[in-house]
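Values in this text are rule-based calculations from the coordinates and carry no lab data. This structure is a prediction, so every number in the text was calculated from the model and none was measured. Positions of Cβ are backbone-derived with ideal geometry, glycine not excepted, and every protein chain shown enters the neighbour counts.
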Amino acid sequence: MLKTLLKKQMLEIFRSFFYDARKGRNRTKKGAILYITFYVLLMVGYLGGLFGFLAHSIVFPLAGAGLGWLYFLIMGGIALILGVFGSVFSTYSSLYMAKDNDLLLSMPIPISHILASRLMGVFLTGLMYSAVVLVPTMIMYYIAAPFSITTLLGPIVFSIDIILLVFILSVALGWVVAKISSRMKNKSLMTTVVALLALGLYYVIYFKAFNTIRDFIANIASTEISITGAIVPLYYLGSAGSGAVVPMLAVTASVALILALVYIILSKTFIKIVTTKTGVAKIKYKEGKAKQRGKGKALLMKELKRITASSTILLNCVLGSFILVVAAVFLLIKGGDFYYLLTEGFGPIIVDIIPAFAAGLICTMSSMCDITSFSISLEGKNIWILKTLPVTTKQILRAKKLSNLIFQFPPCLLMLISLSITMHIGAVDLLLLLVCLCIMSLLQTDFGLFLDLKRTNLNWTSETAVVKQSLNVFLALLSGWVEAGLFILAALFLAPSIGSSAVLGIFIAFFGLLLLLLELWLGKRGAAEFDSL
């Protein structure tokens, strides 16, 4: 039975590789190979190439100076951040809130088998993200370090330990959120708040460790290097990667012990949390008149309620809005000092760069608000209800676009206000930046809807499959990063010569044309695609 459950979990995770949800049939062997190749090129070629370049730039000086442990500590920390960020927000929904939990629990299946299959999904998600960093890290170290048995085994053991730590952190956070939310009436809000607080605490601890490493590096040129205090556990973790036998054994034993403890706790609480039903508040009947809404407003309220009722959506696809708000507040507090450092360090030329660079920065964060990339797929098999309502297809698509813009654009505007106050952006650049952000928000929203119309998946058992594990979401996020990269490159290489106003004007014209083409497609072909679902 465990083998069957594991196979089912693997099919759910990698379903889009072999099944075309849009056409409702399996892909051909050639189509599956092309699809997998494209995904590998994106993950390995693009992200792997970036981290490989980073590893190459630091491994030779650190390994040559006998600081291989510091190299692994830096790269391991990056892998840990990327892995946790990539898997932590789907853990709660995939472990405890899967759509088929009740069905599986009603069958004569051991709870341990159900739990093991769920955990395998969490493990593989974290593995895919962290391996993008760890594989280039290992390859570059093998090139830079002299060969021996310990230097061969060290990076392998270290990578396994990091992957398991990613898994432990993701599962631990999911357990905390599930334990608390099982006692709360408003599960979605509580899950979101607790997850954000836990993630914030995690990053505070990480950056505290980073500061410790930075202080250590600052004193590394002294005649005596003392590995004492808070640096000791970090030193042991990094030394495991460089091939030191005792740290390898100590770190691996510690990780195995924590892993066993996490599994024991989960196995004892899984069934209780899954079957716990929160109490329903007593409602006192009060006679009154129903408030009538227009069709468009009713559709929009439906979309907003669906988004706010799901912690998975809030944590995965509204996170960019939260980051923008935090960044705007931070900028209002520290922006003046930051602007002074920039002007002192780079001179007056920085004034011509800031507006275009700011557009790229905001675009990077706002791209993480990608609700439209799965909003149609999220309807699932109940999409027939939406299609039988007395509303037009254009009204349905418009409501889905507006629901994304409501979460995306106001934080962008708040960030823009903070930038205008602290970075002293001129009136012309500020107006162009506002127009540019409006176009970018609409373009990202329309592109997400375009992806979901072309690659709709209505046959899912857990909303994680479309919210977290969908290629649509990845492509929408990647497109935002590409757009942001174009802004930043233009700010660095074009703005010093032609000015940010000209750069923003060029992007307004270019992205405005793309937006017009997408709007025309959604109005005609896109509506037809929706009607054919």
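Looking at segment 111-148, which chymotrypsin sites (Phe, Trp or Tyr not before Pro) are in a loop (DSSP not H, G, I, E or B) and have at most 14 other Cβ atoms within 10 Å?
Phe147
Its relative contact order, with pairs defined as Cα atoms under 8 Å and 6+ residues apart, puts segment 295-531 at 34 percent. Shown in residue order for segment 425-441 are the 3J(HN,Hα) couplings computed by the Karplus curve 6.51 cos²θ - 1.76 cosθ + 1.60 at θ = phi - 60°: 6, x, 4, 5, 4, 5, 5, 5, 5, 4, 4, 5, 5, 4, 5, 5, 5 Hz (x for Gly and Pro). Remark: Phe158, Phe322 ranked as Phe322, Phe158, counting other beta-carbon atoms within 10 Å and listing the fewest first.
Spin-label model, Thr252 to Ile417: label points 7 Å out along the Cα-to-beta-carbon direction sit 5.6 nm apart.
Listing Ser366, Ser57 from fewest to most neighbouring C-beta atoms within 10 Å gives Ser57, Ser366. Summarising the amide proton neighbourhood of Glu463: residues at separation of 5 or more, or on other chains, whose placed amide H is nearer than 5 Å comprise Lys99.
Exposure proxy ranking for Trp69, Trp481, based on other Cβ atoms within 10 angstrom of each Cβ and starting from the fewest, stands as Trp481, Trp69. Each residue of segment 329-341 was assigned a 3J(HN,Hα) from its phi angle through the Karplus expression (A = 6.51, B = -1.76, C = 1.60, θ = phi - 60°), giving 5, 4, 5, 5, 7, 10, x, x, 5, 5, 5, 4, 5 Hz with x at Gly and Pro. Taking a ≥ b ≥ c as the square roots of the eigenvalues of the Cα gyration tensor, an a/c ratio of 1.5 or more together with a/b larger than b/c marks segment 309-443 as prolate. Listed values for segment 484-495 are Karplus-derived 3J(HN,Hα) couplings in whole Hz (6.51 cos²θ - 1.76 cosθ + 1.60, θ = phi - 60°), namely 4, x, 5, 4, 5, 4, 5, 5, 7, 10, 9, 4, and x replaces Gly and Pro. If you look at the Cα atoms of segment 295-531, you get an Rg and a Dmax of 18.9, 63 Å. Put the Cα centre of segment 111-156 next to the Cα centre of segment 429-491 and the gap is 30 Å.
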